[in-house]
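Beneath this line is the structure, given in C-alpha cells, with notes to follow.
The values are calculated or read from the model by the stated rules, or taken from the named source; none is laboratory data. None of the values given here were measured: they were computed from a predicted structure. Cβ placement follows ideal geometry from the backbone for every residue including glycine, while neighbour counts extend to all protein chains displayed.
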C-alpha cells in the first residue's frame, strides 16, 4: 500500500461537518507521518482534498507547533511561483526498551522514526522484579543525561519483554523466563514510575513488537494475513490481519512456541507442558542431539558444543554436511508441523521468519515445504508465501516499538480537535 493509498483509506467517510474537518486534518497530517516534506499540492493530489482545505489544515497544525514551514521548493516545469514546503515539527522523542532475558537495549527515535541514539546493558530477568527495575531506572537516567534529554522531551516510552502481555492494561500475565515474578504483573506501572506521568507508556510482548516492524518495512504486509515468527531465546509470533495485531483476551494469540507438537517428548517446558515447539527446536535441543550422536571429524559441527549457532548450522547444511542436514531436517519437520496447524486455524497469506531462523538456508526452506506438501487442502502444495528476514532482532524490535508509539501519536483524536 502506498502512502497515498494509506491516506485515502484512513478513517470513515464524512458525517457531520466537524467530523469531516477532523478527518481531513487526520489525512493531511498522515502525509507527514514518516518524516516526509510536502507541499499543499502534494497532499491535495494524494488525498483528493481541495487545496484550500489542505492549507487550512496545515495552518491549524503550524499554529500548534506540529508542522513547520521549511521554505520554498522547486517550481514546476511550467515555471511560476515556487511552492512552500512543510515538515513535521514536534521534536519530542520516542524510546523503545527491549527488556530481554540477557540484555536490555534503549533506542531513541524521533516521532517520525529517525534514529537518535542507542544503549545496551546486561540484564538478568531471573532476579526479583524490583531489582530489575532499579537497574532499569539507573540506566535510563544515565542514558537520558548523556543525550541531554529531559522528561518533557519524551513523547512516549514502549517496553518490549518476554512473556504474555496485555497491551491495553499494561499487565505482564506470565513469563517462563521470569517465573519468580508470578502472575499479573503491572509492568507498565513500574515503568511509569521511572519515566514520570507525562510520556505515553506502552508495553508489549517481544515477538509482537518485532513483528510490527513489517508494517513499516513492507507495504504488502498492511493487507491480508501475515504471521511473523520470532526465534531467539524464545519462540513466539505476531499475527497481523489487515494491519491489525491479534491478541485475544488472555494475550495468548501468537504463542506458537507453546504449541504442543509431541506430547511424548520428555522435556518439560516452563509453561508446564511437554512437547512444546519452543523446546523441540531450541539450540539447547540441537546441542543435546549432537552430544548423543556426534558429528564426524570432518564436519563443521565436530566437537562444537556450546559454539553451535543457527547461521553456522544452516551454512553447513547448505554446503551438504550430513549431520548438519539431519539437524536441519529435525527443525524443518517440527516447524512444518507447526505451520500446518497454524494454517488450518489462521490461514495466513505469508509467513516471515525473524531472528535465528531468519538465517535459514535454501535446504531448510526446501525441507520445510516438503513437510507441508502432502496436505491436500493446500492448492499446489503451498499454503502461503514463506520469507526469511536476517535483520537483527533488536533492530526489528526498535522499529516495531517506535511504530507502536508513532501509531499512538497519529491516532490520538485530541490532535485534530480545536483547543
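What to note about this one:
- Each residue in the range 43-77 was checked for being within 21 Å of residue 91 (Cβ to Cβ) and not in a loop (DSSP other than H, G, I, E, B), and 12 pass.
- Residue in the range 175-197 that is under 14 Å from residue 98 (Cβ atoms) and in contact (Cβ under 8 Å) with a residue 60 or more places away in the chain present: yes
- Single unsatisfied condition, residue 333 versus (1) within 27 Å of residue 215 (Cα to Cα); (2) without any contact (Cβ under 8 Å) to a residue 40 or more places away in the chain; (3) in contact with a helix residue (DSSP H, G or I) (Cβ under 8 Å, 6 or more places away or on another chain): (1)
- Checklist (1) over 30 Å from residue 120 (Cβ atoms); (2) in contact (Cβ under 8 Å) with a residue 12 or more places away in the chain; (3) surrounded by fewer than 17 Cβ atoms within 10 Å (Cβ to Cβ) applied to residue 350, failing item: (3)
- Residues of the range 126-160 classified as in contact with a helix residue (DSSP H, G or I) (Cβ under 6 Å, 6 or more places away or on another chain) and either exposed (fewer than 13 other Cβ atoms within 10 Å of the Cβ) or not in a helix (DSSP H, G or I) (or both), total: 5
- Per the conditions (1) more than 29 Å from residue 213 (Cα to Cα); (2) surrounded by fewer than 21 Cβ atoms within 10 Å (Cβ to Cβ); (3) modelled with pLDDT of 95 or more, the sole criterion not satisfied by residue 54 is (2).
- Selection count, the range 161-173, where residues are over 16 Å from residue 233 (Cα atoms) and crowded, with 22+ Cβ neighbours inside 10 Å: 2
- Test: residue in the range 214-223 that is crowded, with 22+ Cβ neighbours inside 10 Å, touching a helix residue (DSSP H, G or I) at 6+ places or on another chain (Cβ under 6 Å), in contact (Cβ under 8 Å) with a residue 24 or more places away in the chain and in a strand (DSSP E or B): no
- Boolean, residue 367 is in contact (Cβ under 8 Å) with a residue 24 or more places away in the chain, touching a helix residue (DSSP H, G or I) at 6+ places or on another chain (Cβ under 7 Å), surrounded by 19 or more Cβ atoms within 10 Å (Cβ to Cβ) and farther than 23 Å from residue 255 by Cα: yes
- Subset of the range 31-42 [surrounded by 21 or more Cβ atoms within 10 Å (Cβ to Cβ) and either part of a helix (DSSP H, G or I) or within 26 Å of the chain's Cα centre (by Cα) (or both)]: 31, 32, 40
- Apart from one condition, residue 248 fits all of (1) in contact with a helix residue (DSSP H, G or I) (Cβ under 9 Å, 6 or more places away or on another chain); (2) under 30 Å from residue 111 (Cα atoms); the exception is (1).
- Odd one out for residue 180 among (1) over 29 Å from residue 335 (Cα atoms); (2) modelled with pLDDT under 95; (3) touching a strand residue (DSSP E or B) at 6+ places or on another chain (Cβ under 7 Å): (3)
- Of the residues making up the range 357-410, those that are in a helix (DSSP H, G or I), over 30 Å from residue 155 (Cα atoms) and either touching a strand residue (DSSP E or B) at 6+ places or on another chain (Cβ under 8 Å) or not assigned by TED's automatic domain parsing to the domain that holds residue 232 (or both) are 357, 358, 359, 365, 368, 369.
- Of all residues in the range 30-52, those that are touching a residue at least 40 places away in the same chain (Cβ under 8 Å) and at negative phi have Cβ atoms under 7 Å from Cβ atoms of residues that are in a strand (DSSP E or B) and surrounded by fewer than 21 Cβ atoms within 10 Å (Cβ to Cβ), 6 or more apart or on another chain, in 32/87; 37/70; 37/85; 37/87; 38/85; 39/84; 39/85.
- Candidate set from the range 93-104 (those that are touching a residue at least 40 places away in the same chain (Cβ under 8 Å) and surrounded by fewer than 21 Cβ atoms within 10 Å (Cβ to Cβ)); member that is nearest to residue 160 (Cα to Cα): 101
- Residue in the range 84-92 that is exposed (fewer than 13 other Cβ atoms within 10 Å of the Cβ), within 24 Å of the chain's Cα centre (by Cα), under 17 Å from residue 415 (Cα atoms) and modelled with pLDDT of 95 or more present: yes
- Which listed residue is touching a strand residue (DSSP E or B) at 6+ places or on another chain (Cβ under 6 Å), outside any loop (DSSP other than H, G, I, E, B) and either in the same structural domain as residue 403 (by TED's automatic domain parsing) or modelled with pLDDT under 85 (or both), from 7, 97: 97
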